[in-house]
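Written below as structure tokens is the structure these notes are about.
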Amino acid sequence: MKRTTLSRPLHVAAGLAMILAVAGCSERDYDVAEVDGVVLIRGQPGHKVYIQFIPEVTGETSPPISTAETDASGRFTLQLMEAKDGATRPGAVVGLHRVVLRDLQRAASATGRGVPVRFSQQYTLAGTTPLRQEVKEGQQTIEIKVP
């Protein structure tokens with residue numbers, strides 16, 4: 001098929017339009033803030049706790065979750081799980097989140113026997129956790145209290 005000189009610029013323009021459209025779709029439509037904090041279980045530092053902040057959204061796309069593990073003092077810094085390759089960056093999506101906790105102390109034991117239960121199973125699932133946390137714009141420190 002013979003191309004005319006007019007069709008070549010149209011193909012180039014169409015290609016550029018597709019590139020711009022794809023680049024536009026990859027922009028995220030959420031804000032991120034850096035979050036650190038402490039987990040307190042019945043007033044004591046919650047060491048060895050895995051935390052997930054799951055954004056509560058009503059739109060078509062789900063923003064990424066943020067995760068952290070507490071240290072011996074119950075302190076943590078959230079990491080946004082944004083990249084598909086497993087890479088993270090500090091922060092969490094601005095807005096309301098369900099907070100899910102997992103006890104790494106129990107998970108590390110072979111059977112979980114002999115390890116005290118530190119919080120109810122309801123805290124381990126997004127659908128049942130009573131914990132909610134709002135992430136606001138800007139860097140912040142939060143406190144998660146588990147009765």
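Each reported figure results from applying straightforward, stated rules to the coordinates on display, with no laboratory input. Quick caveat, the model's predicted, so the values are computed rather than measured. Using ideal geometry, Cβ is built from the backbone for each residue, glycine included, and neighbour counts are taken over all protein chains shown.
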Handout entry: P(r) of region 32-146 over all Cα-Cα pairs, binned every 10 Å from zero, in whole percent
Key = 14, 46, 32, 8, 0
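What net charge is computed for the residues neighbouring residue 76, neighbours being all others with C-beta under 13 Å from the C-beta of residue 76, Lys and Arg scored +1, Asp and Glu -1? It would help to have the intermediate numbers written out before the result.
Details: positive: 48, 75, 102; negative: 34, 36, 69, 71, 143.
Net local charge, residue 76 excluded: -2.
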Practice task
Order by neighbour count: 136, 84, fewest other Cβ atoms within 10 Å first, most last.
Solution key: 84, 136
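List the relative contact order of region 32-146 as a percent without decimals, with contacts defined as Cα pairs under 8 Å and 6+ residues apart.
Taking the mean separation of contacting Cα pairs over the length of region 32-146, I get 35 percent.
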Exercise for the section: Would you mind calculating the gained length between residue 120 and residue 143 on full extension (0.36 nm times residue separation, minus the Cα-Cα distance), in nm to one decimal? Expected result: 6.4 nm
